[in-house]
Amino acid sequence: MRLTLLLPLCGMLTMVSAAKQPNIIFIMADDLGWNDVGFHNPKLKTPNMNWLAKEGIELTNHYAQPVCSPSRSALMTGKYPSNNGLSQFVIFPLSKSCLPLEHKILPQYLKELGYATKYVGKWHLGECHESCLPTNRGIDEFRGILFGQADYFQWVYTEKHGVVERYVNDSVSLENIGTHLTLLEKSDVKEMIVAHKGKDSPLFMMVSTTAPHTPLQTTEEMYNTHDFLNGSEPESIKRRKYLGLVSAVDDIIGETIQSLKDADLYNNSVIIFTSDNGGTSLPYRFPGLLEAAGNNYPLRSGKGSMLEGGVKVPTLYFDTRLPQKYAGTKRDFLMHISDWLPTMMHLAGNDSFDVSIDGVSQYGNLRGSYSELKKYCARRELLLSLTNYSALSTETLCGASDAAFRFEDWKLLYGTESGVVSHSVPTEWVKPAESPELPDITGDSCFRLDEKGNQVLRCLFNLKEDPYEQTNLYDSHPQIVEQMVEMINMMKAKRVQNIFKRSVDINVASRMYGGHLVHRSNYCDPVIDFPLQPVHPSCISEFSHDATEGIDCCNSCSNSFICSM
């Protein structure tokens with residue numbers, strides 16, 4: 001019955017017009033949690049984020065991946081990480097890993113549509129070969145860091161990997177070393193946007209802030225933005241530092257808006273703001289994740305988890321060309337980070353997409369009027385995880401197997417003892433240090449022992465009735481579990497081999513320059529080290545439920561049980 005109501009409305013989408021191509025600014029914060037923004041948490045001081053929420057549209061059902069590189073790979077390729085090579089884990093610093101070069105990525109598509117392409121901030125898609133660098137992957141101008149995190153003042157990953165990682169275009173830069181990275185990003189944004197004033201081509205700019213990712217290092221001004229957190233307990237101090245980094249992200253947003261106005265670009269611009277994953281709300285054993293100060297309340301868990309706190313992220317869409325009646329509204333259509341590639345291409349005037357991508361254009365949901373009846377028009381399902389590797393293993397064949405999948409309001413987590421879904425990631429709900437008065441949230445465990453005595457993850461939630469994932473329905477709805485596992489099995493055919501590798505010896509991947517240890521190019525071979533190739537055939541049918549031939553829930557709805565729900 002619901003499908004009968006949905007289908008006619010799903011066809012009523014706004015068509016691409018011949019209007020002038022908009023400037024597109026995509027701002028991605030690093031590890032920003034659901035409750036780390038003022039438009040969700042009124043105690044926080046994020047005036048520019050709040051302004052975007054007030055003047056734009058909040059996307060309340062937007063999902064990313066649980067960690068950095070997979071999210072960025074999905075954004076850039078329009079493909080699920082299991083289909084682009086980065087499903088297992090992040091790209092380690094100084095490792096022979098890179099988003100496979102066979103992929104055509106977002107800036108390359110937009111350049112073909114006439115866009116000037118610029119990038120500020122964190123890359124984290126590989127740096128071992130010059131062909132992996134942003135300026136060789138469709139970016140006209142790049143200023144930022146190459147790895148997953150950096151000391152904000154010294155610009156090195158860690159003391160162990162003490163390699164200066166700030167680049168300007170295709171060369172390491174030591175200019176202004178000692179300046180907080182977010183201040184450089186703010187000035188870089190201003191310079192790049194203002195330099196585009198009067199240009200004939202539209203502008204695409206990716207602003208991928210290093211903050212608020214650890215380490216928790218701030219300037220004094222940043223630290224004092226949330227001075228009401230004046231307790232001496234470690235949680236309060238860490239939260240105050242973290243929110244200082246959030247304020248730095250907010251300042252970058254403000255600079256972006258002002259610079260667009262100064263460059264006479266504002267009136268034909270789209271600004272998208274999101275996070276690459278949830279905040280790290282509880283520490284767990286991995287470098288950079290021990291200083292947990294992010295917050296996702298009332299969502300469950302955080303970065304690294306497939307629970308909502310790890311993958312459902314604050315997201316705003318602001319388009320200066322939209323009627324004012326849409327300002328301050330919320331839209332709950334289901335969206336995955338891979339959808340932004342076709343959506344931005346659609347905004348740029350091209351509604352013809354590569355059939356191999358997994359993303360779908362959300363153009364109609366963003367541009368036209370919206371009602372809840374359109375919630376599942378463009379996308380009914382999304383794959384949050386599908387990997388056959390232990391979290392830190394370099395196995396070439398099948399290891400642990402994890403999956404997380406959402407179909408409409410249902411969400412299934414199916415994780416193994418050593419897999420990335422459940423590997424060492426806390427699953428509690430965490431209140432922020434600034435709000436101890438908030439009610440505690442508790443719920444069912446997702447963990448159980450399998451027939452071999454191994455701890456595994458088995459959870460089924462109805463997110464419409466249970467948005468905070470408190471009630472595990474896995475045992476009470478076996479038919480739904482079975483049907484969702486069938487859908488997951490169908491998706492295995494497109495998987496490719498994961499390119500995860502550990503870091504190499506620092507002497508192999510670095511050199512001395514200007515008195516500093518800096519990154520060395522071309523210490524890997526793209527053909528040997530990260531080719532795009534199918535996953536080994538022996539990994540295809542791992543789950544206990546075999547795929548049923550002929551099921552195509554997403555298109556023909558032949559899976560009558562799920563489609564009738």
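The values are calculated or read from the model by the stated rules, or taken from the named source; none is laboratory data. Values in this document were obtained by computation on a predicted structure and should not be read as measured data. Don't worry about glycine lacking a Cβ; one is built from the backbone with ideal geometry, like all the others, and counts go over all protein chains shown. Ligands, DNA and RNA are excluded from the accessible area calculation, which covers all protein heavy atoms including side chains. Shrake-Rupley method; radii C 1.70, N 1.55, O 1.52, S 1.80 Å.
Residues in the stretch 471-504 that are outside any helix (DSSP H, G or I), free of Cβ contacts under 8 Å to residues at least 60 places away in the same chain and open to solvent by 40 Å² or more (accessible area, probe 1.4 Å): Thr471, Asp475, Ser476, His477. Among residues of the stretch 386-413 that are open to solvent by 10 Å² or more (accessible area, probe 1.4 Å), those with a beta-carbon under 6 Å from a residue that is modelled with pLDDT under 80 and not in a loop (DSSP other than H, G, I, E, B) at least six positions away or on a different chain give the pairs Cys398/Cys539.
Inspect all residues belonging to the stretch 277-286 and state whether any of them is open to solvent by 20 Å² or more (accessible area, probe 1.4 Å), more than 23 Å from Asp440 (Cβ to Cβ) and over 11 Å from the mean Cα position of the chain (by Cα). The answer is yes; a qualifying residue exists.
The residues of the stretch 439-469 that are surrounded by fewer than 14 Cβ atoms within 10 Å (Cβ to Cβ), at negative phi and either touching a residue at least 40 places away in the same chain (Cβ under 8 Å) or small (Gly, Ala, Ser) (or both), listed by number, are Ser445, Lys464, Glu465. Somewhere in the stretch 63-73, is a residue over 18 Å from the mean Cα position of the chain (by Cα) and in contact (Cβ under 8 Å) with a residue 12 or more places away in the chain? No - not one qualifying residue is present in the stretch 63-73. Kindly establish whether Thr256 is farther than 14 Å from Glu434 by Cα, part of a helix (DSSP H, G or I) and under 23 Å from the mean Cα position of the chain (by Cα). Answer is yes for this residue. If only one of Leu216, Leu183, Leu203 is surrounded by 15 or more Cβ atoms within 10 Å (Cβ to Cβ) and touching a strand residue (DSSP E or B) at 6+ places or on another chain (Cβ under 8 Å), which one is it? Residue meeting the stated conditions: Leu203.
With respect to Pro100, is the statement that it is closer than 21 Å to Phe142 by Cα, part of a loop (DSSP other than H, G, I, E, B), open to solvent by less than 10 Å² (accessible area, probe 1.4 Å) and touching a Phe, Trp or Tyr at 6+ places or on another chain (Cβ under 8 Å) true? For Pro100, the condition - closer than 21 Å to Phe142 by Cα, part of a loop (DSSP other than H, G, I, E, B), open to solvent by less than 10 Å² (accessible area, probe 1.4 Å) and touching a Phe, Trp or Tyr at 6+ places or on another chain (Cβ under 8 Å) - is met. Among the criteria (1) within 15 Å of the chain's Cα centre (by Cα); (2) open to solvent by 10 Å² or more (accessible area, probe 1.4 Å), the one Ala116 does not fulfil is (1).
A residue that is open to solvent by 10 Å² or more (accessible area, probe 1.4 Å), at pLDDT 95 or above, charged (D, E, K, R) and under 16 Å from the mean Cα position of the chain (by Cα) can be found somewhere in the stretch 74-93.
Taken over the stretch 336-365, the criterion of being open to solvent by 10 Å² or more (accessible area, probe 1.4 Å) and among the charged types (D, E, K, R) is satisfied by Asp351, Asp354, Asp358.
With respect to (1) more than 30 Å from Ser236 (Cβ to Cβ); (2) at pLDDT below 85; (3) buried (at least 20 other Cβ atoms within 10 Å of the Cβ), the lone exception for Val425 is condition (1). The single condition among (1) out of contact with any helix residue (DSSP H, G or I) (no Cβ under 8 Å at 6 or more places or on another chain); (2) of a type in the set (Ser, Thr, Tyr); (3) open to solvent by less than 30 Å² (accessible area, probe 1.4 Å) that Thr209 does not satisfy is (1). Among the residues of the stretch 156-172, just one is in contact with a helix residue (DSSP H, G or I) (Cβ under 7 Å, 6 or more places away or on another chain) and either among the charged types (D, E, K, R) or surrounded by 18 or more Cβ atoms within 10 Å (Cβ to Cβ) (or both), namely Asp170.
Of the residues examined, His40 is one that is more than 21 Å from Asp525 (Cα to Cα) and either surrounded by fewer than 24 Cβ atoms within 10 Å (Cβ to Cβ) or modelled with pLDDT of 95 or more (or both).
Each row is one residue, and each column tells you yes or no for (1) modelled with pLDDT of 90 or more; (2) under 21 Å from the mean Cα position of the chain (by Cα); (3) hydroxyl-bearing (Ser, Thr, Tyr).
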position	(1), (2), (3)
Pro342	yes, yes, no
Ala348	yes, no, no
Asp358	yes, yes, no
Thr394	no, no, yes
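None of Tyr266, Tyr297 is closer than 25 Å to Ala403 by Cα and open to solvent by 10 Å² or more (accessible area, probe 1.4 Å) except Tyr297.
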